[in-house]
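Contents: one structure, followed by commentary.
What follows is calculated from the coordinates using simple rules that are stated; it is not laboratory data. All of these numbers come straight from a predicted model, not from anything done at the bench. Note: ideal-geometry Cβ built from the backbone for every residue, glycine included; neighbour counts use all protein chains shown.
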Amino acid sequence: MNRGPKLVAEDVADAVPRLCDDVTCTEVSAEIIRLRGRDLRRTGLSRFLAWLFRLPRTVEVELDDLGTWVIHHMDGRTMAQLAQDLSTQRKLSRREAEFALTAFVQSLMVRRLVRLDGLTRSSA
């Protein structure tokens, strides 16, 4: 799987994370949500291997309370604002919050569940 370039907190500070258009968000409980993405694009050999190993056709991720908090607060705030709010909420240092948030968003981007609007080409 192509993971793309690694995101760095300083490069994405002004970017705005958003759920991709075709992602559905289901509340499992007050602190847990499930994100379900689009059908995976597979071609040739990868399609055959997916069929052979009975791999799922869609991406589905269940988030814990921290992931749920982040998703609920992706309301137009920049990554820098989210990191600041996260550091206050979880009593983390600013650097810890930036690192955790960036890694979390990167993992959702790899699964095509989240995109970053306003990401410059040099950091994309």
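For this structure, a couple of remarks:
- In the chain, helices alone account for a calculated mean residue ellipticity at 222 nm of -11500 deg cm²/dmol, with every DSSP H run of four or more residues adding -39,500 (n - 2.57).
- Distance between modelled label sites at Asp14 and Arg90, nm, 7 Å Cα→Cβ extension: 2.6 nm
- Dipole magnitude for segment 16-117: about 540 debye, using +1 per Lys or Arg Cβ and -1 per Asp or Glu Cβ, origin at the Cα centre.
- P(r) tail fraction, the chain - alpha-carbon pairs more than 17 Å apart, %: 60 percent
- Length-normalised contact order for the chain - Cα pairs under 8 Å, 6+ apart - percent: 40 percent
- Amide H contacts of Arg38: Val59, each under 5 Å away and 5 or more positions distant or on a separate chain (H built 1.01 Å from N in the peptide plane; Pro and chain starts excluded).
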